[in-house]
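Some notes on the structure that comes next.
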Amino acid sequence: MSNVVSYEAGPWSALADHVFQSGPLKRAGKVFLSGPLQSTGAEISLNRLEPGEGYPFFHHHEKHEEIFIVVSGSGDFLVDGQQIPLREGSAVRVAPAGARSIRASAHEALCYLCVQAVDGTLTQRTVTDGRHVEGPVVWK
């Protein structure tokens, strides 16, 4: 079995070409990566909301916390009545029970990563899980 799986989703500017559908929810600009990457511990999605676009509903999770990381653009995040402004570099963590929605600003697209993992299961932080592997790094 290989230690690595890779997937190319393409540029953020073309993310709208990807369409996600699950039941009645159909949305362009969303790519879930756990399937293509064969992830066993986290769900990650790439997301692009066009200017003025947002989710017209709230949702929450039963087990997953979500971490939103803005890579470009601006917008707003709404959770339990608290509105949080978003811009490139913003990061927001939401507990499973938080009722949430997100929108792009009226003047630019909002591109972000969303990482989902089971709440309360992180056992180590930062690099404490890493181990040094002996030998030189040789690039071709």
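Scanning segment 84-101 for residues that are within 14 Å of residue 72 (Cα to Cα) and of a type outside the set (Asp, Glu) yields a count of 6. Filter segment 82-106 for residues that are among the basic types (Lys, Arg) and surrounded by 17 or more Cβ atoms within 10 Å (Cβ to Cβ) and give the result. Across segment 82-106, the qualifying residues are 100, 103.
Scanning segment 33-56 for residues that are under 19 Å from residue 109 (Cα atoms) and of a type in the set (A, V, I, L, M, F, W, C), we see that the one that is surrounded by the most Cβ atoms within 10 Å (Cβ to Cβ) is 49. For segment 42-93, a residue qualifies if it is modelled with pLDDT under 95 and aliphatic (A, V, I, L, M), and exactly one does: 42.
Residue 103 meets the conditions (1) farther than 18 Å from residue 48 by Cβ; (2) out of contact with any Ser or Thr (no Cβ under 9 Å at 6 or more places or on another chain) in every case but one. The failed one is (1). A residue that is acidic (Asp, Glu) and out of contact with any strand residue (DSSP E or B) (no Cβ under 8 Å at 6 or more places or on another chain) occurs somewhere in segment 61-72.
Considering every residue within segment 40-61, establish whether at least one is of a type in the set (D, E, K, R) and assigned to a strand (DSSP E or B). Checked against the condition, which is being of a type in the set (D, E, K, R) and assigned to a strand (DSSP E or B), segment 40-61 yields at least one hit.
Only a single item in (1) among the acidic types (Asp, Glu); (2) surrounded by fewer than 16 Cβ atoms within 10 Å (Cβ to Cβ); (3) under 24 Å from residue 108 (Cβ atoms) is not met by residue 8, and it is number (3).
Can you say whether residue 73 is farther than 16 Å from residue 116 by Cβ and surrounded by 18 or more Cβ atoms within 10 Å (Cβ to Cβ), as far as the supplied structure shows? In short, yes.
Every listed requirement among (1) of a type in the set (A, V, I, L, M, F, W, C); (2) surrounded by 15 or more Cβ atoms within 10 Å (Cβ to Cβ); (3) more than 17 Å from the chain's Cα centre (by Cα) is met by residue 79 save one, (3).
The values are calculated or read from the model by the stated rules, or taken from the named source; none is laboratory data. It should be emphasised that the depicted structure is a prediction, and the values quoted were computed from it without experimental measurement. Here the Cβ is made from the backbone with ideal geometry for all residues, glycine too, and neighbour counts use every protein chain on show.
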